[in-house]
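Presented below is the structure to which this report refers.
The values are calculated or read from the model by the stated rules, or taken from the named source; none is laboratory data. As the structure is a prediction and not an experimental result, all values here were calculated from the model. Don't worry about glycine lacking a Cβ; one is built from the backbone with ideal geometry, like all the others, and counts go over all protein chains shown.
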Amino acid sequence: MSDPKIALAGHRFFSGIDPAIVETLAECAREVSFAAGEYLVREGEPADRFFLLEYGTVALELHRPGRDPLVLETIHEGEVVGTSWVVPPYRWSADARALDLVRAIAIDVRCLRGKSDSDPKLGYELLKRFLPLFVQRLEAVRLQLLDVYGKSPD
Amino acid sequence: MRDPDPFVPRLFRVEEARRENADTTTLGLVPSHGEIPSFLPGQFFMLYAFGVAEIPVSVSGLSGTGRLLHTIRAVGAGSRALCRLRPGDFLGARGPYGSAWPLDRAEGDDLLLIAGGLGAAPIRSALLRALAERERYGRVVFLYGARGPTELLFRPELEGWQRRPDLEVQVTVDHAPPSWRGSVGVVPERIGHARFSPAHTTAFVCGPEVMMRFTASALLAAGVSSERIFLSMERNMKCALALCGRCQFGPAFVCREGPIFRYDRIARLLFLREI
């Protein structure tokens, strides 16, 4: 098992982050792995972690009764799985399934929330990292909704 | 002797009609007389389904046997009629027209080719040329987005490209069933995952205009210069000779100055309404 501090500092999502914050994050971090087909999280369960993907691909899926799940998007190496932990009610809004072998750093957000409450600098840094992610995903969803590859006549 | 009437199409024979997906067909054409007209990647022909309609279609390449390839999606009367053609049938063709992908200008750069939907057809002709002259470029990256896995074009070829060590290919779809093993998401998001040196990259983008706007923004955010981003614009081209004005795009006619435009020269127009 490698040092979480090195893994955190080297992850794209935390690129350029203050080493002191890495120290704090590392206290809430552990390395995890998932086999292909295994679920990282399930819709509706408490969002008590987020994952920094180091290797592999994860599909975010929406369960539909009587039909195949709908793949909303795939998350790749260098990206983050899990934003539901940021806002109440802190429950996963989709399933996350490993499409192949996945290695990741899991951050325990109960641990992180406690530290953020007592260290506003940490909380602000996390906000600066997660807010662009929300905007990026919102824009992507808008583009998907537009169905730009639909038909328009000659 | 008078010049031939530029509105009169040449007769071409369909030698090949390959179904790409449920509504898109690639036609392999040869002229009934004379040589295959030379063209540059990115240029288009006006294809005439006799008695139905004439529509602009970009060249998607030249086959190994020298057929002129056009990939057509059946969306209206003209395109549906063209997609119904079978080997041995005839159509009319005028061209080539318009500007080309600036492959010479991109020499020495990393080459980022980004396609959405049917935009893969004009991008394919640039990609084939780049692969034929692979030593002229740094990294060559092909990012391709489609609505779903069953709507991907050029699938056998795509698999071959994905195996090439000198080409990075990323395919993504907007929606997919759980059996799909590839990426789900929009094309602009893939730019951050591609390997290229932004300061030394030329990008060619072709797809629906909204997709190109988002893609150009993502390229700029990644550090690619607006002078090195080229878009293939689509407007309602009719005469293809800059006479009828149907394809006017600000001060330009897409059929003559386009369809390939440098981004910094049209960026303002992309955000103007009613153009």
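General remarks:
- The set of residues in segment B:50-59 being more than 14 Å from chain A (Cβ to nearest Cβ) and closer than 15 Å to B:Phe12 by Cβ consists of B:Phe50, B:Val59.
- Some residue of segment B:229-251 being more than 30 Å from B:Met46 (Cα to Cα), buried (at least 16 other Cβ atoms within 10 Å of the Cβ) and assigned by TED's automatic domain parsing to the domain that holds B:Arg265: no
- Here A:Leu53 fulfils each of the conditions (1) in contact (Cβ under 8 Å) with a residue 60 or more places away in the chain; (2) of a type in the set (A, V, I, L, M); (3) outside any helix (DSSP H, G or I) apart from (1).
- B:Arg195 being outside the structural domain of B:Arg19 (by TED's automatic domain parsing) and either within 26 Å of A:Leu53 (Cβ to Cβ) or polar (S, T, N, Q) (or both): yes
Every residue, every condition in (1) in contact with a Pro (Cβ under 7 Å, 6 or more places away or on another chain); (2) in a helix (DSSP H, G or I); (3) farther than 24 Å from B:Ala222 by Cβ, yes or no:
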site: B:Leu113; (1), (2), (3): no, no, no
site: B:Gly119; (1), (2), (3): no, yes, no
site: B:Leu127; (1), (2), (3): no, yes, no
site: B:Ala130; (1), (2), (3): no, yes, no
site: B:Glu135; (1), (2), (3): no, yes, yes
site: B:Gly145; (1), (2), (3): no, no, no
site: B:Glu159; (1), (2), (3): no, yes, yes
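- Of the residues examined, B:Pro41 is one that is buried (at least 23 other Cβ atoms within 10 Å of the Cβ) and either more than 13 Å from B:Thr71 (Cα to Cα) or at pLDDT below 95 (or both).
- Count of segment A:110-140 residues, restricted to those that are within 14 Å of chain B (Cβ to nearest Cβ) and free of Cβ contacts under 8 Å to residues at least 24 places away in the same chain, is 5.
- Evaluating B:Glu234 against the criteria (1) within 14 Å of chain A (Cβ to nearest Cβ); (2) free of Cβ contacts under 8 Å to residues at least 24 places away in the same chain leaves one unmet condition, (2).
- Taking segment B:64-97 as the range and being assigned to a strand (DSSP E or B), among the charged types (D, E, K, R) and touching a residue at least 60 places away in the same chain (Cβ under 8 Å) as the test, only B:Arg94 passes.
- Criterion: surrounded by fewer than 20 Cβ atoms within 10 Å (Cβ to Cβ), without any contact (Cβ under 8 Å) to a residue 12 or more places away in the chain and away from chain A (no Cβ under 14 Å) - qualifying residue of B:Glu135, B:Glu107: B:Glu135
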